[in-house]
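A.B. asks: First, the structure itself, so that you have it in front of you.
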Amino acid sequence: MALADPVGPDEEIEVIVREFLTFCEENDWGVGFHQTLPDFLPIYQRLGFRKFKIGEDAIVDLSQFNLNGRDKKVLRHTINEMEASHIQFIHYRPPIPDDILLLVKEVSDDWLKIPGRRERQFTLGIFEPDYIRSSSLYMVTDVDKGILAFANQIPSFHPGEATIDLMRRRSDAPSGVMDFLFIKLFFHLKEEGYVRFNLG
């Protein structure tokens with residue numbers, strides 16, 4: 001299973017895919033491509049592949065994002081409730097200090113104990129200290145500065161777009177903590193000039 005499209009000049013993609021298919025056939029491997037761009041679908045179809053839609057990226061238009069209106073009442077309530085409890089949103093730029101990295105690792109380990117949670121590894125990152133240390137971290141902390149939840153930002157490669165990889169919380173974090181994290185993150189990124197957020 002190949003993750004995404006080959007990398008190279010557009011005019012060479014078909015040749016690269018053909019060479020990859022030959023390599024796979026010589027090793028008696030079946031082959032599929034996961035998370036490909038629509039740009040190259042005609043190439044894959046010419047080479048005998050069938051497309052199978054699994055999902056679409058969920059995109060938040062940050063330029064239009066706000067908490068106004070009746071339909072956002074629950075989100076406003078969550079923000080107000082968390083802030084009244086002295087819960088805060090904090091951003092750390094890389095390199096992440098060792099003491100913060102250890103605290104974030106505790107959150108990640110706790111998250112992995114929640115039934116159904118595991119390191120997926122193929123299309124998502126895993127908690128690897130050097131990887132986390134080198135990315136921007138967004139955290140929610142309580143009054144004692146304990147970390148309740150976090151997400152790490154990764155490059156999107158689309159101008160004006162932001163995205164994250166890991167998003168984890170403590171098993172005993174208050175209800176709504178992830179909503180709080182994302183709402184604060186959206187406003188923060190909007191202030192930094194991003195125009196859209198890709199939730200994957």
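A.B. asks: Please work out the Cα convex hull volume for the range 25-173 and give it in Å³ per residue.
C.D. replies: 193 Å³
A.B. asks: Leaving out ligands, DNA and RNA, and with a 1.4 Å probe, what % of the accessible surface on the range 69-167 is carbon or sulfur?
C.D. replies: Here it works out to 56 percent.
A.B. asks: In addition: Could you work out how far helix 13-26 tilts from the main Cα principal axis of the chain, as a 0 to 90 degree angle to the nearest 10?
C.D. replies: With both axes taken from Cα atoms, the answer is about 80 degrees.
A.B. asks: Also, quick follow-up: Can you tell me which lysines have their Cα less than 27 Å from the Cα of residue 190? Leave out same-chain residues fewer than eight positions away.
C.D. replies: Cross-link targets: 72, 73, 145.
A.B. asks: Could you report the range 1-116's accessible area per residue, 1.4 Å probe, as an integer in Å²?
C.D. replies: Heavy-atom SASA per residue in the range 1-116 reads 73 Å².
A.B. asks: Another question, then. For the peptides 162-170, 3-11, 89-97, what is the packing order when you average, over each peptide's residues, the other Cβ atoms within 10 Å and list the highest mean first?
C.D. replies: 162-170, 89-97, 3-11
A.B. asks: Turning to a different aspect of this structure: Can you give the convex hull volume of the alpha carbon atoms of the range 60-142 per residue, in Å³?
C.D. replies: With only Cα atoms used, the range 60-142 gives 159 Å³ per residue.
A.B. asks: Rounded to the nearest 500 deg cm²/dmol, what is the calculated helix-only ellipticity per residue at 222 nm for the chain, with -39500 (n - 2.57) per DSSP H run of length n ≥ 4?
C.D. replies: Calculated mean residue ellipticity at 222 nm is -10000 deg cm²/dmol.
A.B. asks: Place a +1 charge on the Cβ of each Lys and Arg in the range 136-200 and a -1 charge on the Cβ of each Asp and Glu, then give the dipole magnitude about the Cα centre in debye, rounded to the nearest 20.
C.D. replies: With Lys and Arg at +1 and Asp and Glu at -1, about 60 debye.
A.B. asks: As an exercise, use a Förster radius of 41 Å and the Cβ-Cβ distance of residue 72 and residue 18 to find the FRET efficiency, rounded to the nearest 0.05.
C.D. replies: Calculated value: 0.20.
A.B. asks: Further, regarding this structure: Using DSSP to call loops (not H, G, I, E or B), can you name the chymotrypsin sites (Phe, Trp or Tyr not before Pro) in the range 1-81 whose Cβ has at most 11 other Cβ atoms within 10 angstrom?
C.D. replies: Filter output for the range 1-81: 29, 52.
A.B. asks: If you don't mind, there's one more thing I want to ask. Work out the FRET efficiency for residue 11 and residue 49 from their Cβ-Cβ distance, taking R0 = 25 Å, and round it to the nearest 0.05.
C.D. replies: With R0 = 25 Å, the Cβ-Cβ based efficiency is 0.80.
The values are calculated or read from the model by the stated rules, or taken from the named source; none is laboratory data. Source: prediction; values computed, not measured. Neighbour counts are summed over all protein chains in view; Cβ atoms, including those assigned to glycine, are modelled from backbone coordinates with ideal geometry. Only protein heavy atoms, including side chains, enter the accessible area calculation; ligands, DNA and RNA are left aside. Shrake-Rupley method; radii C 1.70, N 1.55, O 1.52, S 1.80 Å.
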